[in-house]
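First up is the structure itself, then whatever we jot down about it.
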Amino acid sequence: MIEYENLGRANASFMDGYRTAFDKVLKSGWFINGEEVKAFEREFATYCGTSECVGVANGLDALYLALKAFGFKPGSEVLVPSNTYIATILAIVNAGLVPVPVEPDIRTYEIDPLKIEGRITSRTVAVMVVHLYGKMCDMDPIISICRTSGLKLVEDCAQAHGAAYKGRRAGTFGEINAFSFYPTKNLGCLGDGGAITTNDPELAARVRSLGNYGSRVRYQNEVQGINSRLDEVQAAFLRVKLRRLDEINAHKRSLADAYRRGIGERYVVPAVQEGFFDIYHVFNVRHPQRDRLRSYLLERGIKTDIHYPTSPNRQPALRGVFDEACPISEEIHATTLSLPISFCHTEEDVAVVCEALRDFLRVKEEE
């Protein structure tokens, strides 16, 4: 059986470092807002290329706090790709704002810059881009639109740790940017965790305050905040893994190359573009008979996943909020299939998957 993900195997080579880090935190007796969090924030800001990083409890909170830090008027509109994970949209709604869908480029799955301007109204205050699957958006035209229109830019980097566009890493383009450290991410902790990055010290201070009950000084609460803090243990684990993030990304890029060599030309595979450094949190293919293909692969002992089976505009939770027709998003969600591409997988695993993918096409031809 080739599993889609096995976090025990993927984390096996980090275990000695994790144990050392855990013992250090345990012996310190300090578990919230301590030295490990401060050190991780410094190290992750340096890795990304920003001056500021603030750890929070999870990726959804990072997105929510990023938006709240601006102090937008309730009911203001935020443009967001129509094919993102629901967390991106929930952050907008939870912040008292209105999500406005922008369809993606069918070739890249990222927000289509050519469709952004047509969605801007007098109520629009920001564009939230999502670097889906570990591939960055086409940032130059998006930045130009934001500057011309006076809009704030926020990056959802939940799947893009170390991804880059024209030499700049994700999390450095927006005024404020959000990361998730969910365990399956390329930089994942052993529980929930998240962070924001920015080059604006005041925005960072607001996020830190909002995530600490609205307090900058202990027991003095300036605004109504929430409890959202990256804990010491997870920060310590992330410090261990961050030192090898480039190795993780290189491994996944090598598996992606192996998939491209082995799959053939009859599946839609992730686009490769000059100037983009993709880190393949997900390696997806598209096929019109996706569900049948997935069942066939499972019969061959290959587990897959779908990111994501339901387009956000078809989610019951977003009815009346984000439910206008989004045909490109719906086509992607109906045909996409995510193949195994974890740090625990090998090129031999990829070869087995590719053989099964080719066999599926032969079976279809014989029918």
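I want to confirm something. Restricting to the range 318-328 and keeping residues that are in contact with a helix residue (DSSP H, G or I) (Cβ under 7 Å, 6 or more places away or on another chain) and touching a residue at least 60 places away in the same chain (Cβ under 8 Å), which single residue is farthest from Ile92 (Cα to Cα)? Top of the filtered list is Cys326.
The condition of being within 26 Å of Pro201 (Cβ to Cβ) and either more than 19 Å from the chain's Cα centre (by Cα) or in contact (Cβ under 8 Å) with a residue 12 or more places away in the chain (or both) holds for only one of Ala87, Ala160, that being Ala160. Residues considered: Ser311, Ser295, Ser329. Of these, the only one that is surrounded by fewer than 18 Cβ atoms within 10 Å (Cβ to Cβ) and of a type in the set (Ser, Thr, Tyr) is Ser295. Scanning the range 1-20 for residues that are more than 23 Å from the chain's Cα centre (by Cα) and of a type in the set (D, E, K, R) returns Asp16, Arg19.
Suppose the filter is at pLDDT 95 or above and closer than 25 Å to Arg119 by Cα; does Lys152 pass it? So Lys152 fits the description; yes. From the list Ser254, Ser228, the one residue that fits, being polar (S, T, N, Q), in contact with a helix residue (DSSP H, G or I) (Cβ under 8 Å, 6 or more places away or on another chain) and within 21 Å of Arg42 (Cα to Cα), is Ser228.
I need the full set of residues from the range 74-104 which are part of a helix (DSSP H, G or I), crowded, with 19+ Cβ neighbours inside 10 Å and either touching a Phe, Trp or Tyr at 6+ places or on another chain (Cβ under 6 Å) or at pLDDT below 95 (or both), in order please. Please lay out each step first, then the result.
Looking only at the range 74-104, we keep the residues that are part of a helix (DSSP H, G or I), and these are 86-94.
Subsequent filtering for residues that are crowded, with 19+ Cβ neighbours inside 10 Å retains 87-92.
If the condition is that a residue be part of a helix (DSSP H, G or I), crowded, with 19+ Cβ neighbours inside 10 Å and either touching a Phe, Trp or Tyr at 6+ places or on another chain (Cβ under 6 Å) or at pLDDT below 95 (or both), then Ile89, Ala91 are the ones that fit.
Regarding Val54, is this residue part of a strand (DSSP E or B) and crowded, with 20+ Cβ neighbours inside 10 Å? Criteria met by Val54. Checking each residue of the range 40-47 against the condition of being assigned to a loop (DSSP other than H, G, I, E, B) and among the acidic types (Asp, Glu) gives no match. Note on the range 194-215: among residues that are hydroxyl-bearing (Ser, Thr, Tyr) and farther than 17 Å from Ala235 by Cα, the one that is modelled with the lowest pLDDT is Ser215. If you go through the range 176-220 and pick out every residue that is of a type in the set (Ser, Thr, Tyr) and in contact (Cβ under 8 Å) with a residue 60 or more places away in the chain, you end up with 5. Taking the range 107-148 as the range and being buried (at least 17 other Cβ atoms within 10 Å of the Cβ), of a type in the set (Val, Ile, Thr) and outside any helix (DSSP H, G or I) as the test, the residues that pass are Thr108, Ile111, Ile116, Ile120, Thr124, Val125, Val127, Val129, Val130.
The values are calculated or read from the model by the stated rules, or taken from the named source; none is laboratory data. Note that the coordinates shown come from a computational prediction; the quantities given were computed from them, not determined experimentally. Backbone-built Cβ (ideal geometry, glycine too); neighbour counts: all protein chains shown.
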